[in-house]
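Taking it in order: structure first as structure tokens, then the write-up.
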Amino acid sequence: MLKPLFTSLAVSLGSLALASSALADYPQRNIQGTIQWGAGGATDNVVRSLTPHVEEILGTTIVLTNRPGGTGVIGMNHVMRQRADGYNMLFGAENPQLYPLMGLADFTYDDMHTVNIIGQGLVVIAAPENSPFDSFAELLEYAHENPNELRMGGTGAGGLPSTVHAMINAVDELDVRTVTFGGDGPGITAMLGGHIDFMPLSLAAAGEQIRGGKLKGLAILTAEEIESLPGVPPITEALPDIEGFLPWGPFWGVFVHQDTPDEIKATLEDAYEQAVGKEEFTEFLQNFGAEPLNLRGEEAQEYLSNWQSVTAWSMYEADADALEATPEELGIPRP
Amino acid sequence: MSDTLSFLLMAWLNPGLLGLTALGVLAGIYIGAIPGLSVTMAVSILISFTFSWHIDNALALMVGIYVGGVYGGSRTAILLNIPGAPSAVTTAFDGYPLAQRGEAGRAIGLSTVMSVIGGLIGVLVLAGTAPYLSGLALQFAPRDYFLIAVLGLLLVSSLSGKSLSRGIFSVALGGIIGLVGMDMVTAQPRLTLGQMELLGGIHYVVVMIGLFGVAEALYQLHNLAKVPVKQKVDKIVPPLNMVLKFLPLSVRTSVIGVIVGALPGTGGDIASLFAYDHAKRSVKNPTRPFGEGAYEGLVAPETANNAAVGGAYVPMLTLGMPGDAVTAVIIGALVIHGLNPGPMLMIETPHIFWFTVGNLALANIFLLIFGLTGIKIFSKIVEVPKAVLIPLILVLCVVGTYSINSNMTEVYWMLGFGILGYWLKVFGFQMGPIILGVILGPLLDESYRQAMSSVGDRGGDFLLALVTNPLSLVLTSVITLVLLSNTPLKGWLSRRFGRS
């Protein structure tokens, strides 16, 4: 009679001890990291250069897997279906904040826990080196006189160029032909060959081409000129009203399952805060054409909501028909 | 000049770099031989692994894996009729029949030597003409990629075997498979049946492993009683006169490989298809009919896909733009190591260019050494009893598919394609045209829509552009000629004008 009782007591005590030690000693084994974009892309580059620093701090290995496809839906869906034990992390870019708007999925980063918003990329509107335009103002003027003639490189609905295009259209009118490419890389290649006239791009992708003189920077999507790209005017010079949307750019972040134990969330947040703050990594980001943010907790949440509301409403104002739902229906507040 | 020479020989003279290149080639051969394990994947894993290394060491290892991996795909294609990578699909067409004749050793030996010749021609072109070739590659507008895809569709006549109508059906089927996923322009789900997992489309390697691996394994069940062919393993290294005989063909197919490889939108897989087609059209008296073990059918794709490696490095080193998926990952590695891959790369870090050229040449030498050793043991795979071999193939197919994106759904798709492929085989359909469709479908879709939106969606302007631009005109004329040569018009023309 007593024996089974003792056994069950011992078992429950044992499992209790196990459970608490699992929390205390996290991480005990390798962590699986899912990158929602393909190998060699911007997200991949940022994550792969950050991870060794985090591994050093946590004292474990983070196994990185690229699960691209569906603008990141597949990778994010995978991580959300894993156990909430802190051994599965998602490394993602800005896209999930627009999934419901685009009708791609019904979840956003609000359905996960944000460990860290690593940094934000700068955006530059670039043109081929022999382009007749020297600034975005000139291009805009030409487009006003010749609607639907210039060819703009895009990466599809919900991609960075389409969002920037939407912001411009929310405050002005830019009627162009959009030529869609599989990503920044193929778009730049087409622009180098003169097959498109301009394209909004992340500075990470276009910076070297501008520095090497193969592309021309028409405007940088900031309110002021930046140090690393001298001579490229801020977009507010051509479009002062766009300042309400700024600062804006693609971002990268680290996320775990919402139901992950708080201790583990804290351990990860501490580790990532320390790793992103490392001088070596900060330098990498700046060289990469991005600015470090290193946000966690409330601040990170605020950043995500703000990004979502600015982007969603500018897209809505530019072309409501292209969206699957209105920001209002989704409860996204006006900026 | 002395600088150039010292950079060129860097990998040859430094024991550490020499060792890493050798290690990379060896590892690459085996990674490439397993369907689903891809060079792209191996190189991206290496990025984290080599994070703290010196960049030269990391690059040496990656070059080795790249060269070894592209070659490795041919091993399983010849021995088991299961290409290890899409660029080895055409290698199986004549490689596997050779193995069935007991000439697996000879086939592997020949493919090794030809791969090295193709690889070295690729390196030469890279070293000599990189800036010009990348300039040419940039001239290709979306409409030109569209024309290349159309030209690619015409390869169906070379790949269909006996029944052209079955081939055309297969290409169309492949094209539809290739269109599954999110629409590139509107981000709308297309043919996904409401499945979130299908938003990313069906990876063409999944289709390839199913159609070639599982379907072949199932088909083998028909002749379980057949005693495996005893392999001749005495004449492995092809004699010099044989190599010399195929040299003109291999130079031509290498040039096809380099150019297709240098185009940022196409790679070794399309290059090897074009090369096979070229061999079939240009060689009047092959050693045996194509598809039954013609050496020419082995030489063409093997030279082309290895030459494409040198080609893929052309836009990467001169412009910082990737020539294919592997060079895209290598660019990522350069970024992470603090270099700035872009048009300034050759000016700011000139050693990277010549170091890579020297290293690629070195990797090809190692390929010759490793490729020609161990063939005897490899050839014995064909003699393994079916009861052991078939289960092994199935396990490899599952593991290989899962490792592409770590996605179980893709394994189910792979098995589904395996069963579909089996029935298609039973009814006399060829697998090659399906893969052709899967590869070309998305290219056709993408380039056609890009070309149309470039001209403001005006069909007339689009058609006009196909004949008013020099490059497009050349491609359009080639397509017209290929089409005409397959119609009765050709006979009529030669009768009418041939004699005069």
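A few remarks follow.
- Listed residues A:135, A:309, A:49, most fluctuating in chain A (Gaussian network, C-alpha, under 10 Å): A:49
- Members of B:235/B:386; B:280/B:386; B:245/B:380; B:235/B:380; B:230/B:425 lying beyond 22 Å, as alpha-carbon distances in this model show: B:235/B:386; B:280/B:386; B:245/B:380; B:230/B:425
- Charge dipole (debye, nearest 20) of chain B; +1 at Cβ of Lys and Arg, -1 at Cβ of Asp and Glu: 1960 debye
- Cα gyration tensor, the protein assembly as shown - rounded (a/c under 1.5), prolate or oblate: oblate
- Antiparallel bridges, percent of DSSP beta bridges restricted to the protein assembly as shown (to nearest 5): 65 percent
- Legend: ranking of residues A:278, B:162, B:284, A:216 from fewest to most surrounding C-beta atoms inside 10 Å; resulting order B:284, B:162, A:278, A:216.
- For residue A:104, no residue has an amide H sitting under 5 Å from its own, ignoring neighbours fewer than 5 places away on the same chain, with H placed 1.01 Å from N.
- Reachable aspartates and glutamates, given that their alpha-carbon falls under 14 Å from the alpha-carbon of residue B:376 and they are not under 8 places away in the same chain: B:103, B:234
- Across q = 0.18 Å⁻¹, the range B:19-154 modelled as identical point scatterers on its alpha-carbon atoms has Debye log10 I(q)/I(0) values of -1.11, in the order of the q list.
- Per-residue Karplus couplings for the range A:206-219, computed as 6.51 cos²θ - 1.76 cosθ + 1.60 with θ equal to phi - 60°, are listed in order as 9, x, 5, 5, 6, 4, x, x, 7, 10, 10, x, 8, 6 Hz, Gly and Pro entered as x.
- Partner chain coverage, peptide A:41-53 - average Cβ within 10 angstrom: 4
- The helix-only estimate of mean residue ellipticity at 222 nm for chain A, built from DSSP H runs of length n ≥ 4 each weighted as -39500 (n - 2.57), is -13000 deg cm²/dmol after division by the residue total.
- Most fluctuating residue given options A:271, A:205, A:325, as computed from a GNM of chain A linking Cα atoms under 10 Å: A:325
- Rg ratio (alpha-carbon, reference 2.2 N^0.38 Å) - the range B:2-454: 0.93
- If only the Cβ of Lys and Arg carry +1 and only the Cβ of Asp and Glu carry -1, the dipole of the range B:305-445 around its Cα centre is close to 520 debye.
- The H on the amide N of residue B:342, modeled in the peptide plane, is under 5 Å from the matching H of B:320, each at least 5 residues off or on a different chain.
- Charge dipole of the protein assembly as shown (Cα centre as origin; +1 on each Lys and Arg Cβ, -1 on each Asp and Glu Cβ, all else neutral): 6240 debye, rounded to the nearest 20.
- Over the residues of chain B, the helix contribution to mean residue ellipticity at 222 nm works out to -23500 deg cm²/dmol, using -39500 (n - 2.57) for each DSSP H run of at least 4.
- Contact order relative to length of the range B:2-454, as percent, for alpha carbon pairs under 8 angstrom and 6 or more apart: 30 percent
- Of the chymotrypsin sites (Phe, Trp or Tyr not before Pro) in the range A:106-163, those whose Cβ has at most 16 other Cβ within 10 Å and which sit in DSSP loop: A:107
- With θ taken as phi - 60° and the Karplus curve 6.51 cos²θ - 1.76 cosθ + 1.60 applied, the whole-hertz 3J(HN,Hα) list for the range A:115-132 is 7, 7, 9, 5, x, 10, x, 8, 10, 10, 9, 10, 9, x, 4, 9, 5, x Hz, x standing for glycine and proline.
- Karplus-derived 3J(HN,Hα), 6.51/-1.76/1.60, for each residue of the range B:448-455, Hz, glycine and proline x: 5, 5, 5, 5, 5, 5, 4, 9
- Peptide packing for A:293-299, B:135-141, B:305-311, B:249-255 was compared via the average number of neighbouring C-beta atoms within 10 Å per residue; ordered from the highest value, the list is B:305-311, B:249-255, B:135-141, A:293-299.
- Across peptide B:406-419, the average count of Cβ atoms from other chains found within 10 Å of a residue's Cβ is 1.
- When only Cα pairs below 8 angstrom with a gap of at least 6 residues are kept, the range A:123-245 shows a relative contact order of 37 percent.
- Placing one equal scatterer on every Cα of chain A and applying the Debye formula, the log10 ratio I(q)/I(0) at q = 0.06, 0.09, 0.11, 0.14 Å⁻¹ is -0.24, -0.51, -0.72, -1.11.
- Cα centroid of the range B:141-166 to Cα centroid of the range A:257-275, whole Å: 53 Å
- When only alpha carbons are used to place a centre, the range B:172-251 and the range A:85-136 end up 35 Å from one another.
- Inter-chain Cβ neighbour average for residues B:453-463, partner chain, 10 Å: 2
- Amide hydrogen neighbours beyond the local backbone of residue A:123, cut-off 5 Å, H modeled: A:203, A:221
- Histogram of C-alpha separations across the range B:226-285, 10 Å bin width, %: 19, 34, 29, 16, 2
- Residue with peak Gaussian network fluctuation, chain A [Cα springs, cutoff 10 Å], from A:173, A:273, A:145: A:145
- In degrees, nearest ten, helix A:160-171 long axis to first principal axis of chain A (Cα): 60 degrees
- Listed residue (B:372, B:424, B:229) projecting farthest to the positive dipole end of the range B:2-454, Cβ model: B:229
- Sorted peptide list for B:63-69, A:263-269, A:71-77, criterion being average Cβ within 10 angstrom, highest first: B:63-69, A:71-77, A:263-269
- Listed residue (A:135, A:205, A:229) projecting farthest to the positive dipole end of the range A:123-245, Cβ model: A:205
- Alpha-carbon Debye profile of the range A:123-245, log10 I(q)/I(0) at 0.09, 0.17, 0.18 Å⁻¹: -0.20, -0.78, -0.89
- In the protein assembly as shown, a dipole from Cβ-located charges (positive for Lys and Arg, negative for Asp and Glu) runs towards its positive end, and of B:398, A:238, A:195 it is B:398 whose Cα lies farthest in that direction.
Each reported figure results from applying straightforward, stated rules to the coordinates on display, with no laboratory input. Computed from a predicted structure; not experimentally measured. Note that each Cβ is placed from the backbone with ideal geometry, even for glycine, and that neighbours are counted across all protein chains shown.
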